[in-house]
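Q: What follows is a single structure, and I will ask about it in a moment.
The values are calculated or read from the model by the stated rules, or taken from the named source; none is laboratory data. Here the structure is a predicted model, which means the values were calculated and not measured. Counting neighbours? That spans all protein chains shown, and the Cβs are built from the backbone with ideal geometry, glycine included.
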Amino acid sequence: MRSKLILFTTLFFSFLTVYSQSDNGEKVYTKLIKVNNKIYMLQGKGGNIGLSFGSDGVFMIDDQFAESIEQIQKDIQTISKKPVQFLVNTHFHGDHTGGNAILAQTGTIIFSQENVRTRLMGMIAEEKKKIPQEILPIVTFSEDLTFHYNGEKIYVFHIHDAHTDGDAMVYFTSSNVLHTGDVFFNGKYPFIDTENGGSLTGCIKGLEKAMMVINEDTKIIPGHGDVGSYKDLQKTVEMLSTVYKRVTMNYINKKSEEEVAKMTDLTKEYDDNGYGGGFISTEAFLRMVYSEVAKERGDIESNAEKNRKAREKVEKMQEQANQNKKKNKE
Ligand SMILES: [Zn+2]
């Protein structure tokens with residue numbers, strides 16, 4: 001199963017790469033969407049970009065691909081001629097960090113959770129593709145970070161082991177807008193990068209954490225998909241928790257991955273609402289959940305087995321001690 005997941009992850013990213021290269025030199029498609037007075041979402045290829053405009057300058061979240069940056073910069077300049085002073089990467093994936101090096105050359109300072117920088121350094125070290133050093137975030141944090149910019153507090157907080165091991169969400173506290181990065185795919189089954197520290201339970205916990213930070217009026221920029229609401233986030237948490245529980249029950253009842261992957265009733269109400277229409281098909285999602293459940297239950301079972309053996313050993317020792325006592329008395 002692990003090898004299948006690796007293959008799947010590889011296919012997923014090579015798809016993104018091929019897709020981006022095939023458009024080289026052609027007009028890049030982007031769409032700037034107003035979320036409120038000063039916050040915009042920019043859609044194009046790759047993850048959704050978040051932008052804050054104001055008297056201080058431009059604050060940016062994620063930057064899609066290098067080849068799109070010229071177009072993205074033009075779009076930004078239709079709203080403000082001020083420079084992009086700060087950029088936060090929500091995680092290390094290429095469809096969220098591809099523009100880093102070019103923005104760094106224009107003086108933008110890049111921030112991220114520390115694992116993002118570590119993963120990007122790993123990619124540079126592998127040297128499979130020529131990746132410039134300038135892609136690396138200059139400032140990293142472990143748990144959270146607050147900017148005081150464009151007249152509001154911008155709270156950046158780490159979500160542990162969710163889409164990857166370096167996810168961050170960004171909350172514009174006065175504007176009441178949250179950028180979730182890829183921990184939230186609005187209305188679609190999520191891609192969870194388990195090869196890079198992601199986990200389904202981490203996603204559920206992360207989204208629950210986000211729901212405590214925001215409120216029912218918050219507007220949400222997801223990693224992929226359209227602007228969403230608190231309710232949309234809530235629906236995703238319910239979907240993830242429900243499917244996780246159903247797959248766990250089937251795992252306990254000794255169903256195989258192949259069997260579970262074909263159980264369309266496990267996801268029916270979500271498939272009917274279009275959840276399977278994104279990057280991740282229903283089958284791929286069920287397989288991913290199954291493999292996580294199998295890993296977790298495997299750990300639980302092997303711990304239970306270890307505990308049972310330890311208990312038996314102690315009981316034997318006690319029995320031996322009792323027998324020795326008896327013998328001594330005799
Ligand atoms: Zn991603």
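Q: Can you give me the number of residues within the range 187-221 that are in contact (Cβ under 8 Å) with a residue 60 or more places away in the chain, outside any helix (DSSP H, G or I) and either more than 16 Å from the ligand (Cβ to nearest atom) or not charged (D, E, K, R) (or both)? Reasoning before the result, please.
A: From the range 187-221, those in contact (Cβ under 8 Å) with a residue 60 or more places away in the chain are 187-197, 199-201, 219, 221; that's our starting set.
Next, only the ones that are outside any helix (DSSP H, G or I) stay: 187-193, 197, 199, 219, 221.
Still in the running and either more than 16 Å from the ligand (Cβ to nearest atom) or not charged (D, E, K, R) (or both): 187, 189-192, 197, 199, 219, 221.
The qualifying residues number 9.
Q: Would you confirm whether any residue within the range 231-249 is more than 16 Å from the ligand (Cβ to nearest atom), acidic (Asp, Glu) and either outside any strand (DSSP E or B) or under 22 Å from THR140 (Cα atoms) (or both)?
A: Looking through the range 231-249, at least one residue is more than 16 Å from the ligand (Cβ to nearest atom), acidic (Asp, Glu) and either outside any strand (DSSP E or B) or under 22 Å from THR140 (Cα atoms) (or both).
Q: A follow-up question, please. So THR173 passes all but one of these: (1) within 26 Å of LYS235 (Cβ to Cβ); (2) in contact (Cβ under 8 Å) with a residue 24 or more places away in the chain. Which condition number does it fail?
A: Single failed check for THR173: (2).
Q: Right, another one. Being farther than 12 Å from LEU87 by Cβ, part of a helix (DSSP H, G or I) and touching a residue at least 40 places away in the same chain (Cβ under 8 Å) is the filter here, so list the residues in the range 47-76 that pass it.
A: GLU67, SER68, GLU70, GLN71, ASP75
Q: Going by the structure shown, is ILE102 in a strand (DSSP E or B), touching a helix residue (DSSP H, G or I) at 6+ places or on another chain (Cβ under 7 Å) and of a type outside the set (Phe, Trp, Tyr)?
A: Taking the combined requirement at face value, the residue does not satisfy it.
Q: Can you name every residue in the range 112-146 that is assigned to a strand (DSSP E or B) and buried (at least 21 other Cβ atoms within 10 Å of the Cβ)? Let's see the steps before the verdict.
A: At the first step, the residues of the range 112-146 found to be assigned to a strand (DSSP E or B) are 112-113, 139-141, 144-146.
Of everything in the range 112-146, those that are assigned to a strand (DSSP E or B) and buried (at least 21 other Cβ atoms within 10 Å of the Cβ) turn out to be SER112, GLN113.
Q: Look at the range 59-69 and say how many of its residues are among the acidic types (Asp, Glu), more than 13 Å from HIS96 (Cβ to Cβ) and modelled with pLDDT of 95 or more.
A: In the first step, residues of the range 59-69 are kept if they are among the acidic types (Asp, Glu); the result is 62-63, 67.
Adding the requirement that they be more than 13 Å from HIS96 (Cβ to Cβ) leaves 67.
Subset that is modelled with pLDDT of 95 or more: none.
The total comes to 0.
Q: Taking the range 231-243 as the region of interest, how many residues are surrounded by 17 or more Cβ atoms within 10 Å (Cβ to Cβ), among the hydroxyl-bearing types (Ser, Thr, Tyr) and farther than 15 Å from GLY181 by Cα?
A: Of the residues in that region, 0 qualify.
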